[in-house]
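Novice: Before we start, here is the structure in question, set down as structure tokens.
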Amino acid sequence: MDTKTLFSGMALAFGAYASFSVSDAFSKLLAGQLDPFEVAFSGGVFGFLILPLIRRPDESYLDIVRPQQWGMWLLRAGCVFAATAASVEAFMLLPMPEAFSLMFLMPLFVTILSVILLKEKVTFWAWLAVVLGFVGVLIVLRPGFRALHWGHLCALIAAFANAGSVIAYRLADKERTRLSLFGSSLIGPLVGNGLLMGLHAQWPATTTAWVYLFGYGFLAALGQLMMMMATARAPANRVALPQYSQMVWGVALSYLVFRQPLDVWTFVGILVLMSSGILNWVRQRIRYERMAMKERLARRKARKAGQVTS
């Protein structure tokens, strides 16, 4: 895998997490107006607007439900359903930085699952970074000194489900139809959240609520699309690293939109979390530079060998 492909994968992951962050803010704005499962259901509905952008001329829309690997398709659908339902509930109940801090356990889950399921090699520095991130989460939450409730459990479920989704995308690398890959992230929330919202669903009463619903659903689907493209270009444990950029979004949106200040310990925990992300980024940057240098040296040797033989 060349460095250009790896960097493009991580850039797409940054875009995906930015899209997810703004989408989560829209779901929080709907707290008290609509059932959380109804909000998550809209992610599948409005996500269909993305399909014309990724459909190739030789693909049929029926490919959404005609995967080559049914097991991976169902796994992705289940993971995305669980992640959307749990994250909407978490953001409605918790301040954004607090919810994000728990969801930042996803890189730890991805790292563990990538070793077990994908047999990917993870260095000591990568493990150090995820452990540092875990310490940051503990500082933010301070279990034993403050009460933890249903919102915290939902954020934890969302973190694990999102990790499962990343692994499922990576395991489905033989799936040639992009509509099939993307379709599972639409059908999962549609079916799962559609059943759970049941009799609690109601028609949005205002234009503002419709705008928020559209913003949540469309940006969530756009994030899924970029994540799908990112995992096709970079290893799963690399794609998880840019998630730390969501904390910047969470803090900014909390101050600017929800007027929720941070206490001192939450701020310290966020700094530890960000340090974990920076450590990983620097480590990857050094590694990619070394890879690029080796590639340049190999090309020079090949050119010299060609000149000698000619």
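Novice: With the chain treated as a Gaussian network of Cα nodes joined by springs under 10 Å, which of Asp24, Asp58, Asp263 yields the largest mean-square fluctuation?
Specialist: For the chain, modelled as a Gaussian network with Cα springs under 10 Å, the answer is Asp58.
Novice: Would you mind counting up the charge near Ala201? Only other residues with Cβ under 10 Å from its Cβ, with Lys and Arg at +1 and Asp and Glu at -1.
Specialist: Combined, the nearby Lys, Arg, Asp and Glu give -2.
Novice: May I ask for the angle, rounded to the nearest 10°, between helix 36-47 and the longest principal axis of the chain, with both axes built from Cα atoms and the value confined to 0 to 90°?
Specialist: Once rounded, the angle reads 50 degrees.
Novice: Anyone know which of Arg296, Arg259, Arg170 comes out most mobile in the 10 Å Cα GNM of the chain?
Specialist: Fluctuation is largest for Arg296.
Novice: Now a separate question. Going by average Cβ neighbours within 10 Å, how do the peptides 81-92, 62-73 rank, with the highest at the top?
Specialist: Top to bottom by mean Cβ count within 10 Å: 81-92, 62-73.
Novice: Next question, about the same structure. Mind jotting down the three principal axis lengths of the chain based on Cα atoms? Whole angstrom, largest first.
Specialist: Computed over the chain, the largest-to-smallest principal extents equal 77, 52, 33 Å.
Novice: Taking the Cβ of Ile187 as the center, what net charge do the other residues with Cβ under 13 Å away carry, scoring Lys and Arg +1 and Asp and Glu -1?
Specialist: +1
Novice: Now for a separate question. Using only the alpha-carbon atoms, how far is helix 207-231 inclined from the longest principal axis of the chain? Give it as 0 to 90 degrees, nearest 10.
Specialist: Long axis of 207-231 versus the principal axis of the chain: about 20 degrees.
Novice: Starting from the Cα gyration tensor of the range 38-92, take the square roots of the eigenvalues, sort them a ≥ b ≥ c, and report rounded, prolate or oblate (rounded when a/c is under 1.5, otherwise prolate if a/b is larger than b/c, else oblate).
Specialist: Oblate, because a/c is 1.5 or more while a/b does not exceed b/c.
Novice: Would you please give the FRET efficiency between Leu153 and Lys304, computed as 1/(1 + (r/R0)^6) with r the Cβ-Cβ distance and R0 = 41 Å, to the nearest 0.05?
Specialist: Approximately 0.10, to the nearest 0.05.
Novice: If you don't mind, there's one more thing I want to ask. Charges at C-beta only: +1 for Lys and Arg, -1 for Asp and Glu. How large is the resulting dipole of the chain about its Cα centre, in Debye rounded to 20?
Specialist: It works out to roughly 1820 debye.
Novice: Under the definition of Cα pairs under 8 Å and six or more residues apart, what whole-number percent is the relative contact order of the chain?
Specialist: Once normalised by length, the contact order is 39 percent.
Novice: Still on this structure: To the nearest 500 deg cm²/dmol, what mean residue ellipticity at 222 nm is calculated for the chain from DSSP H runs of n ≥ 4 alone, each contributing -39,500 (n - 2.57), summed and divided by the residues? Display every interim value, and only then the final one.
Specialist: On the way: 13 runs with 231 residues, N = 310.
Calculated from helices alone, the mean residue ellipticity at 222 nm is -25000 deg cm²/dmol.
Novice: If you only keep lysine pairs separated by 8 or more in sequence, or across chains, how many in the chain come under 24 Å at the Cα atoms?
Specialist: Value for the chain: 9.
Novice: Next up: Would you look at the GNM of the chain, springs on alpha carbons closer than 10 Å, and say which of Gly43, Gly151, Gly133 moves the most?
Specialist: Maximum fluctuation in the GNM of the chain, among the listed residues, is at Gly151.
Novice: List, in order, the whole-Hz ³J(HN,Hα) value for each residue of the range 149-156 obtained from phi through the Karplus relation with A = 6.51, B = -1.76, C = 1.60 and θ = phi - 60°; use x for Gly and Pro.
Specialist: My calculation for the range 149-156 gives 9, 4, x, 5, 5, 4, 5, 5 Hz in order.
Novice: Rounded to the nearest 10 degrees, what's the angle between the helix 3-29 long axis and the longest principal axis of the chain, both from Cα atoms, 0 to 90?
Specialist: On a 0 to 90 degree scale, this one is about 0.
Read-outs: derived from the displayed coordinates by stated rules, not from any lab. Since the structure is predicted, the reported quantities are computational estimates derived from the model, not experimental observations. All Cβ positions, glycine included, derive from the backbone under ideal geometry; neighbour counts span all protein chains shown.
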